[in-house]
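So the structure is just underneath, and the comments pick up after that.
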Amino acid sequence: MQNRIDLRKLPPLKSLKGFEAATRHQSIREAADELCLTHPAVSHQVQLIEEALGIALFAQEGRRIVSTEEGRVLYPYVRAAFESLIEGVEAAHRHATDKPLRVQAYVTASIRWLAHRVPGFLKAHPDLRVTMNTCAPDWEFDDVHADVGLVYCETPPPPRHHWTPLFDYSLTPVCTPERAKALGPDPQPADLAFQPLIQIHTERLNWETWFASAGESFAPTAPYILVDTLAVALELALAGEAIALVNGPFVERELASGQLVRPVPHTAPCPGAWGLICRAELKDSPRIRAFIDWMTADLKPFPAASAL
């Protein structure tokens, strides 16, 4: 019997992704772009490892980072471990039979877009099974535990991933008809600053971005509500409590039924798009190809997303 591995000697394993990418690029920002994470999220991952090991892995030189001697020593071991894990996972996948298609998506995208379409996909492909996994908004696509993901990417993913854009990332305010009427007969973007607004803590600049795109400064006069997900923000908007910003086609039914309306027509375009992502070498897998083709064909109600 093999000896037990002392995992207590290891730093947080998830954070090693940020360390590996930051070391390879010698840049936190470029690592964040590659992993579809925010700059602070990758910085936090590196900090967790440094705190766990009690050593500095990077030093700041101007606007860039450089690996310390300890970081250079650690990197090839982390890289080799990742490559070995990927090789093992791929071997296991090749030998697996009758496995479900594992789909990763954010909470709001799962509840308000994907969940309404998966039943139709399964009806068209009765030989396939699907498991859905939701994740926090700042999680990168986990290509070890998911076959395909519905995610937002501000910039194109790295070549190791295949990317199919579905719809643009744009910011549109929504609220109940009653709250929209309170704005008057001809509301302007500036009028929204006098209404309670819903702010998502992981997207704190969204309202500022929206007002700026309309030529207005972000100077709200009413207290705003801070929440952790768009799903919660939309529930508050449906309750008539405040105005929410939608960053994708997640309120189609409510807009069609009149439960929600756009209080002003202005929409702020933003970089990037929502889309489907998978490992590049798996894009022609019959299960993944069937899923991508179905979801792409099912986009008829929405404008086609522009390329990133």
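Scanning the range 209-225 for residues that are surrounded by 13 or more Cβ atoms within 10 Å (Cβ to Cβ) and either at pLDDT 85 or above or under 15 Å from T172 (Cβ atoms) (or both) returns T209, W210, F211, A212, S213, A214, E216, F218, I225. Screening the range 226-239 for residues that are touching a helix residue (DSSP H, G or I) at 6+ places or on another chain (Cβ under 9 Å) and in a loop (DSSP other than H, G, I, E, B) and picking the one that is nearest to P173 (Cα to Cα) gives T229.
How many residues does the range 182-225 hold that are outside any loop (DSSP other than H, G, I, E, B) and either at positive phi or β-branched (V, I, T) (or both)?
5
With respect to being at pLDDT 95 or above, in a strand (DSSP E or B) and among the aliphatic types (A, V, I, L, M), A273 falls outside the description.
Within the range 150-162, residues that are assigned to a loop (DSSP other than H, G, I, E, B) reach partners that are charged (D, E, K, R) and surrounded by 14 or more Cβ atoms within 10 Å (Cβ to Cβ) with beta carbons closer than 6 Å, at six or more positions or on different chains, in the pairs T155/D33; P158/E34. What are the residues in the range 103-138 that are closer than 18 Å to C278 by Cα and without any contact (Cβ under 8 Å) to a residue 24 or more places away in the chain, if any? Of everything in the range 103-138, just one residue is closer than 18 Å to C278 by Cα and without any contact (Cβ under 8 Å) to a residue 24 or more places away in the chain, namely V118.
The one condition from (1) β-branched (V, I, T); (2) farther than 20 Å from T155 by Cβ; (3) in contact (Cβ under 8 Å) with a residue 12 or more places away in the chain; (4) surrounded by fewer than 18 Cβ atoms within 10 Å (Cβ to Cβ) that T38 does not meet is (2).
Can you spot a residue in the range 161-184 that is touching a helix residue (DSSP H, G or I) at 6+ places or on another chain (Cβ under 8 Å) and acidic (D, E)? The answer is no; no qualifying residue exists. Looking across the range 226-260, the residues that are among the β-branched types (V, I, T) and buried (at least 18 other Cβ atoms within 10 Å of the Cβ) come down to V227, T229, I243, V246, V251. Meeting the requirement of 3 or more residues that are not assigned by TED's automatic domain parsing to the domain that holds R279, the strands (runs of 3 or more DSSP E) wholly within the range 24-117 are 58-61, 64-67. Of note, A219 satisfies the criterion of being out of contact with any Lys or Arg (no Cβ under 6 Å at 6 or more places or on another chain) and more than 24 Å from I111 (Cα to Cα).
The values are calculated or read from the model by the stated rules, or taken from the named source; none is laboratory data. Here the structure is a predicted model, which means the values were calculated and not measured. Counting neighbours? That spans all protein chains shown, and the Cβs are built from the backbone with ideal geometry, glycine included.
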